[in-house]
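**Q** Below are the C-alpha cells for one structure; questions will follow.
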Amino acid sequence: MMESSLVVQESELDRVRELTSIGAGHAATAFAQLVGRPCRMRVPTVRLLRAEAAGSAFVASSRDDERGPLCGVFFEVEGGLGGVIALLFPAPARDLLLRALAGDAASREAAESALREVGNILISHAVSAMADTLGTRVLPSIPVLAMEDAASVLASLVALRGVGENALRIETEISDAEGEYRGLLVFVPDAACLERQEPTRRGPVRVRPMRR
C-alpha cells in the first residue's frame, strides 16, 4: 500500500511557521504578565502527522513530563485563518500555575475557571497578532478545557475539522527562564488556510507524514 503525502508550497510552510511565531511571541508576553516573570518562546516546529495522531509526540520541548498527561485549552478559529489552536500544560506546570493564580485550596471549579481564563488571554493575544499580520479578521470559539488527556481532545477536534488524512501541526514552547511556568502553543491549520496563502515562485514541497 502506498503511503500518501501532502504537497505544500515551501512558502506556505514558511508563512504558517512565521504566523505561529508571531502569535506565540505575543502569547509569551501575556504569559509573563500573568506569572510575573520574563517568558520566552522557542522557534516553532512544523510537523506533518496523520490526522488521528495530531495530538501525539510533541517535540517542541524535550522535557519528559510532556510525554505524560497534558492539560489543554482549545479553540477553533474561523475567518481569515481557520483551524485549531491550543495551549497545553504538563501536569507539574499546570499545578504550579494554578497555585500561583488560584491558591492551594482552590476548588476544581475555580481551577478550571482559572485555566480557561489563562487560555483565553494567551490565545486571544496570539490570534489577534496573527490576524493583524494577515490583515484580516479571525474569530476564536468558546474555549474547550481538558484537565487531562488533552492530546486525545486535540486529535478529535482536528478530525472534526475534516482536514483530511494528514494534518500540519506547528508547535512551540512558551516558558520562563527556569522552565517552571511553561506550556505548548499548538496550531493545526485547515487545508483551506494553506491554500489561501500568496503563491510564490518557489516550487512545492512533498511532505510525508511522520510515523508514530
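**Q** For region 36-50, enumerate the residues that are of a type outside the set (A, V, I, L, M), within 20 Å of L19 (Cα to Cα) and touching a helix residue (DSSP H, G or I) at 6+ places or on another chain (Cβ under 8 Å).
**A** Quick first cut of region 36-50, residues of a type outside the set (A, V, I, L, M) only: 36-40, 42, 44-45, 47, 50.
Remaining after also requiring within 20 Å of L19 (Cα to Cα): 39-40, 42, 44-45, 47.
Within region 36-50, C39, R40, P44 meet the criteria.
**Q** Let me ask something else. Restricting attention to region 30-66, report how many residues are closer than 11 Å to I174 by Cα, modelled with pLDDT of 70 or more, of a type outside the set (A, V, I, L, M, F, W, C) and crowded, with 19+ Cβ neighbours inside 10 Å.
**A** Residues of region 30-66 closer than 11 Å to I174 by Cα: 30-32, 38-44, 60-61.
Still in the list and also modelled with pLDDT of 70 or more: 30-32, 38-44.
When the remaining residues are screened for being of a type outside the set (A, V, I, L, M, F, W, C), the result is 38, 40, 42, 44.
So of that shortlist, the ones also crowded, with 19+ Cβ neighbours inside 10 Å come out as 44.
Within region 30-66, residues that are closer than 11 Å to I174 by Cα, modelled with pLDDT of 70 or more, of a type outside the set (A, V, I, L, M, F, W, C) and crowded, with 19+ Cβ neighbours inside 10 Å number 1.
**Q** What do you reckon, is L81 modelled with pLDDT under 95 and either closer than 22 Å to S156 by Cβ or loosely packed, with under 15 Cβ neighbours inside 10 Å (or both)? Please lay out each step first, then the result.
**A** Working: modelled with pLDDT under 95: yes; either closer than 22 Å to S156 by Cβ or loosely packed, with under 15 Cβ neighbours inside 10 Å (or both): yes.
It is true that L81 is modelled with pLDDT under 95 and either closer than 22 Å to S156 by Cβ or loosely packed, with under 15 Cβ neighbours inside 10 Å (or both).
**Q** Specify the residue that is nearest to E109 (Cα to Cα); the eligible residues are those in region 123-173 that are of a type in the set (D, E) and not in a loop (DSSP other than H, G, I, E, B). Even if it seems obvious, please write down each step before you answer.
**A** Within region 123-173, the first condition is being of a type in the set (D, E), and the residues that meet it are 132, 148-149, 165, 171, 173.
From the residues that got through so far, the ones that are not in a loop (DSSP other than H, G, I, E, B) too are 132, 171, 173.
Numbers: D132: 34, E171: 28, E173: 27 Å.
Per the stated criteria, the residue is E173.
**Q** Now, a different point. Can you tell me which residue in region 179-205 is surrounded by the most Cβ atoms within 10 Å (Cβ to Cβ), limited to those that are modelled with pLDDT under 90, among the charged types (D, E, K, R) and part of a loop (DSSP other than H, G, I, E, B)?
**A** Ranking the qualifying residues of region 179-205, first place goes to D190.
**Q** Based on what the data block shows, is A110 part of a helix (DSSP H, G or I), in contact (Cβ under 8 Å) with a residue 24 or more places away in the chain, farther than 26 Å from R50 by Cβ and touching a helix residue (DSSP H, G or I) at 6+ places or on another chain (Cβ under 8 Å)?
**A** Working: part of a helix (DSSP H, G or I): yes; in contact (Cβ under 8 Å) with a residue 24 or more places away in the chain: no; farther than 26 Å from R50 by Cβ: yes; touching a helix residue (DSSP H, G or I) at 6+ places or on another chain (Cβ under 8 Å): yes.
Taking the combined requirement at face value, the residue does not satisfy it.
**Q** Among the candidates V16, V8, single out the residue that is modelled with pLDDT under 90, at negative phi, crowded, with 18+ Cβ neighbours inside 10 Å and in a helix (DSSP H, G or I). Give the derivation first.
**A** Working: V8 fails: in a helix (DSSP H, G or I).
Exactly one residue qualifies, and that residue is V16.
The values are calculated or read from the model by the stated rules, or taken from the named source; none is laboratory data. For clarity, every value in this text was computed on a predicted model and none was experimentally measured. Using ideal geometry, Cβ is built from the backbone for each residue, glycine included, and neighbour counts are taken over all protein chains shown.
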